[in-house]
Amino acid sequence: SKDLTFSAEPYFWYGFGTGGGQLTTLKEGTVSTKLGGGVGDLNGDGDTLDTVQVYGSSVTRTYRPGITFKTNIHLDNNSILAGYWIERARHIQTGPRELINNNGSVADAWLANTSSYIKHLDGTPYMSRNQLTVSTGSSLFVQDSVNLLQDKLNLQLGVRNAEIQREFFNFANDGAGQGANYTVDKTYSKVLPSLGARYALDAQQQVFANVAGNMKAPGNFSYGSLLSGGTWVNGAL
């Protein structure tokens with residue numbers, strides 16, 4: 001109706017890309033104290049004594065579906081907005097490596113083709129990181145916009161409850177402090193008020209002020225490299 005509206009706005013966001021340094025080195029090795037038994041003879045010269053230049057980067061793939069529900073209600077000089085937002089993001093971060101050909105090229109510059117990755121002796125890919133972060137964010141909000149003094153003064157009073165749950169999964173990889181599977185599950189939430197005011201001096205000029213609370217959860221990098229010590233024995237840490 002003219003005084004009541006409702007909307008549902010779904011969305012989906014996808015991202016893929018690489019970042020960080022592309023040229024690095026790997027030390028050959030075939031010992032049981034390394035993840036997957038090591039990477040073996042990379043340059044094919046018959047020994048495992050060399051440090052070989054390879055191509056690699058940090059690869060990130062993200063899926064972010066979400067939806068926002070909103071309703072607007074007009075009552076006299078009040079305009080009330082209320083709603084709920086939720087998003088569940090899957091953030092996949094890996095660090096594969098590829099061999100560099102004699103002419104300086106690589107099989108897949110975007111590192112999207114897993115068949116071109118350098119492998120451990122047990123067939124698993126070498127990774128400088130291998131992590132999945134599932135972030136479920138939500139917000140329940142309400143705001144009242146009030147017109148006073150013959151619409152010269154507008155006040156906006158609002159409050160929202162913001163929450164994010166982070167499920168972090170580390171899969172055993174070759175990065176420092178990441179050589180075994182582990183998980184971290186954390187939830188952060190906060191009630192956040194807001195206040196705004198606007199006064200029309202005349203038809204062309206107005207003054208306004210706004211203040212609002214916000215929050216930021218720790219980044220998922222806070223959960224990486226949490227392991228210390230340990231030795232690989234027969235394929236287990």
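Results, tabulated for the structure shown:
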read-out	value
Normalised contact order of segment 84-190, rounded percent, pairs of Cα under 8 Å and 6 or more residues apart	25 percent
Most mobile of 88, 198, 97 in a GNM of the chain (Cα contacts under 10 Å)	198
Cβ-derived FRET efficiency at R0 45 Å, residue 182 paired with residue 103, nearest 0.05	0.65
Mean Cβ neighbour count within 10 Å, used as a protection proxy, ranking 203-210, 129-136, 219-226 highest first	129-136, 219-226, 203-210
Cα centroid separation, segment 185-225 to segment 61-126 (Å)	26 Å
Mean Cα-pair separation over length for segment 62-105, i.e. relative contact order, pairs under 8 Å, 6 or more apart, %	40 percent
The chain, relative contact order in percent, only Cα pairs under 8 angstrom and at least six apart counted	17 percent
Set of lysines with alpha-carbon distance to residue 70 below 29 Å, sequence-local pairs under 8 removed	2, 152, 186, 190, 216
Dipole of the chain, positive direction: furthest Cα of 221, 113, 80, with charges on the beta-carbon	80
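Readers should treat all values here as calculations from the given coordinates under stated rules, not as data from a laboratory. Keep in mind it's a predicted model, so treat the numbers as computed, not measured. We place every Cβ from the backbone using ideal geometry, glycine too, and count neighbours over all the protein chains shown.
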